[in-house]
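Colleague: Take this structure, written in structure tokens, and hold onto it; I'll ask about it next.
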Amino acid sequence: MKISNIIVILFLIAIITITKKSTKSKKYKSNNKHHKKGRNMANLTAKKIGEKLNLTPKEINDIFIELNFIKKCDKGYEITDLGKQNAGEQKFYMGNSFIIWDEKILNNELFLKMIKPENEIKENIEIDFRKKFQAQYRTKSGHYVRSRAEVIIADWLYSEYICFAYEKRVPILEDIYCDFYLPKEKIFIEFWGYEEDEKYIERKNKKLELYKKYNLNLIEIDNKIINNIDDILPREILKFK
């Protein structure tokens, strides 16, 4: 073989080698770029979110629990399927479990709504109802409620050592408030007592539609069963356990 041919072959081999190295380098940079991008998209802890919103990590996690994005576990917090759908990712460190979030959680409409003050009510029906039926009945737990029937419900929950909140905002996009909320059981309780009021009926039907739409745990109580809640409420609560 002539020397000139050998030189040509060596030259071609060198070009092929350089081309392969260049291609590998580009792939590596591309993969590394996507990897870094993926890491940056999901790096917000409850602490970092709280710093941006002027809230504590516990307050942030409590909101996520209320939204059913996460739940408490022995070593911290565990993400739910709903949390995964909203860009959360389970992480573990030194035996503890926690969640990191994509930055788009800061633009999540429902999450941002839950941060707003509880007294920010926009629905005219709800405003009219609260004006008409003042919270003037004191319960054993110190809550002031809007009817004697609600006193019976609140006092029963208190006597059974069941933690509850009164007139809690329901964690959905629409503006509605439940009569009672049991956070441990994630149960909403509604007392229907003013069936003769047209606007009240409208409010009731709207709330029932939303409870059904979001598949929320609801217990309904009316004047027919209010005096038998010792028998009825325990059975109704057990249905959701």
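The values are calculated or read from the model by the stated rules, or taken from the named source; none is laboratory data. Because the structure is a prediction, the values reported are computed rather than measured. Every residue, glycine among them, receives a Cβ derived from its backbone with ideal geometry; neighbour counts consider all protein chains shown.
Colleague: Would you point out the residue of the range 183-226, among those that are of a type in the set (S, T, N, Q) and touching a residue at least 24 places away in the same chain (Cβ under 8 Å), that is farthest from Leu82 (Cα to Cα)?
Modeller: Within the range 183-226, the match that is farthest from Leu82 (Cα to Cα) is Asn223.
Colleague: In this structure, does Lys131 turn out to be surrounded by fewer than 17 Cβ atoms within 10 Å (Cβ to Cβ), of a type in the set (Lys, Arg) and assigned to a loop (DSSP other than H, G, I, E, B)? Explain how you work it out, then say what you get.
Modeller: Details: surrounded by fewer than 17 Cβ atoms within 10 Å (Cβ to Cβ): yes; of a type in the set (Lys, Arg): yes; assigned to a loop (DSSP other than H, G, I, E, B): no.
No: the conditions fail for Lys131.
Colleague: Okay, moving on. Of the conditions (1) at pLDDT below 90; (2) within 18 Å of the chain's Cα centre (by Cα), Phe188 clears all except one; give me its number.
Modeller: Failing condition for Phe188: (1).
Colleague: Among what's in the range 134-185 and is more than 30 Å from Lys72 (Cβ to Cβ) and part of a loop (DSSP other than H, G, I, E, B), pick the residue that is modelled with the lowest pLDDT.
Modeller: By that ranking, first place goes to Gln134.
Colleague: Taking the condition outside any helix (DSSP H, G or I) and at pLDDT 90 or above, does Glu220 pass?
Modeller: Considered against the rule, which asks whether it is outside any helix (DSSP H, G or I) and at pLDDT 90 or above, Glu220 comes out as yes.
Colleague: Oh, and also: Could you list, ordered by first residue, the pairs with Cβ atoms under 6 Å in which the first is in the range 87-99 and assigned by TED's automatic domain parsing to the domain that holds Tyr77 and the second is buried (at least 16 other Cβ atoms within 10 Å of the Cβ) and acidic (Asp, Glu), at least 6 apart or interchain?
Modeller: Final answer for the pair search is Ala87/Asp102.
Yes/no matrix, rows are residues, columns are (1) crowded, with 16+ Cβ neighbours inside 10 Å; (2) over 11 Å from the mean Cα position of the chain (by Cα):
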site: Ile60; (1), (2): yes, no
site: Phe64; (1), (2): yes, no
site: Lys72; (1), (2): no, yes
site: Leu82; (1), (2): no, no
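Colleague: Could you tell me how many of the residues in the range 43-77 are at pLDDT 90 or above and more than 16 Å from Lys184 (Cα to Cα)?
Modeller: Qualifying residue count for the region: 19.
Colleague: Residues in the range 197-215 that are under 22 Å from the mean Cα position of the chain (by Cα), at pLDDT below 95 and not charged (D, E, K, R): how many?
Modeller: 2
Colleague: Checking the conditions here, which among Lys184, Lys212, Lys224 is touching a Leu at 6+ places or on another chain (Cβ under 9 Å), in the same structural domain as Asp155 (by TED's automatic domain parsing), of a type outside the set (Phe, Trp, Tyr) and surrounded by fewer than 14 Cβ atoms within 10 Å (Cβ to Cβ)? Step through it out loud before you land on a result.
Modeller: Working: Lys184 fails: touching a Leu at 6+ places or on another chain (Cβ under 9 Å); Lys224 fails: touching a Leu at 6+ places or on another chain (Cβ under 9 Å).
Result: Lys212 is the single residue among Lys184, Lys212, Lys224 that is touching a Leu at 6+ places or on another chain (Cβ under 9 Å), in the same structural domain as Asp155 (by TED's automatic domain parsing), of a type outside the set (Phe, Trp, Tyr) and surrounded by fewer than 14 Cβ atoms within 10 Å (Cβ to Cβ).
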